[in-house]
Structure formats: structure tokens, C-alpha cells
Amino acid sequence: MKNKTPMTLLCGYLGAGKTTLLNQVLSNQKGYKVAVIVNDIGEVNVDAKLIADGAKITDTSSIVPLTNGCICCTLKTQLAQNIENLIKTKKYDYILIEASGVCEPMPIAQELETIKNGKLDNVVGVVDAARLVDEFAGGNKLLDKKAIGEEDIESLLVQQIEFCSTLIINKKDLVTEDEFKKVRKVIEVLHPDVKIIETDHGKVEVEEILATGSFDFEDVYASAGWCKSLEADNSENPEHGEAGHVCSEDCEHHEHDEHHEHDEHCSCHHHHKHKHEGESEDEYGIGTFIYNRRKPFNRQKLDEYASKWPKNIIRCKGLMWFDDEPEMAWVFETSGRQIQAGYSGQWIASAPEKEQKAILAENPEIAKEWDEIVGDRMIKLCIIGQNLDKEKISAELDACLA
């Protein structure tokens, strides 16, 4: 079989240090002939010139700018076509993609996985330690509001931390040791298994970025903290049951999203697929717990509670159902102050009896936890945050039940 051209995707919020890191890699390619695709949301691709100048690249044909849109949504098809064209030239044996600062990595990775002659080798997230101190450790210096709303930045940072195979914490020199420890602890809760590199000024060895063989879509997705906590809760507390609903084909895109905080900015804020009682807390007050109930939420009560959602919850994600639509499973998801719910298919309990029996016969774990009244319907949320009052939050969620 013909060797596929490896690709590295570089993501990170505005000012995190992606371009500095990319220049260092390009200045020390160690035998690779690297082509670069740079995405900028403006009409002028500033990063493309910065890369050419910073890495002293004279043949700028190796730099392909994609402007005036995001490669995680409006420019996805153009991204794939440009990569195919680069591969066909046979001039390059590695491709680096620098995403716009307001892009989520998961939809880009999904698109890159469709390229026949390419292989996604590494998804590198770059985060600014100082910004994370502001976002996760109580700071208030925020934000470049011209680019994107405050609640959206919190959500985007969480998405960029959760979905990567290598995470670079940059600008370590700009925070105190204690601030850095707290930030790192938040990251370890959000993404327990990610490879973390601590640095300043984007100083990272090329071998950590290129040809790592570290990316596997399912592994990276399943290694997010909320996902691992739900899985651990299933194994440690089997009485809580398995989520056994039947997913729709494209449930990760949540076509029927209900947004409690509306995004008026970049359309690239898709919110994606779901998949220890993992209760834990460390010396910085960062912890997790699982909220599990078999009763449904009342839609209006939950919507009202969403308007006063606890600010110390960094991340919440899981399955739920509503009393006025009992056949449908929903994914409930928060990142910072951005809150939404989206359809995720039907519960097995809503299927015809013959189909139910067939599914349960093939899935004894679901059959074992089947409830005589609600079947496989459940609310099961992983909640991650700082100084969480489990009893108070659980009581407030209980008040939203039908």
C-alpha cells in the first residue's frame, strides 16, 4: 500500500503561540519537506507572512493561506482540496495545518480523516498559561472581545484542551509556580491522558510535533475527562446503569440544539458527540462527580436553572431526557458559561417491543440495568469544576426534575 502523507494539526486560541511554535518547527525540519496550510479568519492572512519571514522561507509556494473563514466549518472542503493538491505535487512529505484561533479541533480532524492519501499524525493544542490562569483560576484580565464573546472563549479553550494528542502549555514564564500548578491540575482533570509539554516562547523539539504516530480519533475522543469519568462510574457503580440509547447517524452535530447561551459570533462553535461515582477533589479544590437519576428533567425548569448555572462548573457533559419528549435521548453539555442540549437519538425503551428484545438480548449489561418503568432512560452527567458543592448542585438539579 502506498505510504500516506502524515499531517499535524495545530490548534490554539488567539495569541497562544501557534505561529511562534510553527516557525521553530519549520526552521528545524530535520530532513522533512514540510508544506504549511494557514487559516486566518480575516481577509488578509497575517500569519502566512509571519511564517514566511520568521522561518526565512523564500519559496512561499509551500505556504497555502486559507482566508476569510474557518476551516472547521465554512472552509472545510477547501482545506481538504488544498491538501489533496499538495500531496499530488509529490514535493512534500509532511503537511502542517495551523488552524485559526477560533476553530474547534474536532471537526477539522474529522475532515482530515477523509483525505485518502493523507494520515492525521498528531493534533497539537497550544494554550497560553497566563490566559488559563485568568479563565480557570479566578483572574479577570479577559479578553479580546472583538474576536469572540467571553462565554465562547471559555467553551473554546475547553474544546481545544479536550481534543488533542499533544498539549503544549506555553508562556509558562509569565505565571507563578502555584498558578501554573493549579492550571495544570485543571488540564489533567479535563484531559487526564494527554501528553503535556511545558514551555515558553514555543520552544518544543520537532520530534514532539512531527511523525509522532500519536493520533487516534477514537482514543483521543474517549480520553476526555468527562468521558473517562462516566466510564469509570459505570464500572464502579453498575447500579447506575449503562447509557443504551440508539444514536442517530450524525448525533454529534446536534442538529436540533437548544442554546441557553447563544453564540452570535463565529459559526465554528459546533458541539459534538458524547460517548469517577468518580467523585474526587485535589488540594486546589478541582474535582468531579457524577449526577445520576432515572427521572426526566422538566424542560422549563432546566432552562430557568441554566440562566443561573454555577460559575465554578468548568465542564459538564452527559445524557438526559425530558418528560415532554420521553422517546428522545439528549446530550447536555456546558463549557464555561456556554450551555446547550442536542438530540442524540432514541432510547431503546421507545423502540417496538420486538426490537427492544433483540437489542437487550445482544447487550446483557443494558438488560441487567433495565428499569421496569423507564427502561434505559436516565440522566447521567459528569460535572467538573472548582470547589464543587455536590449536595447543593445535586439538589438544584433535582429541583429541575419533572
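The values are calculated or read from the model by the stated rules, or taken from the named source; none is laboratory data. Because the structure is predicted, anything quoted here is derived from the model rather than measured. Cβ atoms come from the backbone with ideal geometry, glycine included; neighbour counts cover every protein chain shown. For the accessible areas, the whole protein counts, side chains as well, though only heavy atoms, and no ligand, DNA or RNA atoms are used. Shrake-Rupley method; radii C 1.70, N 1.55, O 1.52, S 1.80 Å.
Side notes on the structure shown:
- Test for GLU162: is it under 12 Å from the mean Cα position of the chain (by Cα) and modelled with pLDDT under 95: yes
- Unique match (being modelled with pLDDT of 95 or more and β-branched (Val, Ile, Thr)) among ILE393, ILE348, ILE313, ILE339: ILE393
- The stretch 188-209, residues that are open to solvent by 30 Å² or more (accessible area, probe 1.4 Å), in a loop (DSSP other than H, G, I, E, B) and of a type in the set (A, V, I, L, M): none
- Pairs, first more than 25 Å from GLU135 (Cβ to Cβ) in the stretch 1-21, second small (Gly, Ala, Ser), C-beta under 7 Å, six or more apart: LYS4/GLY118; THR5/GLY118; PRO6/ALA211; MET7/GLY118
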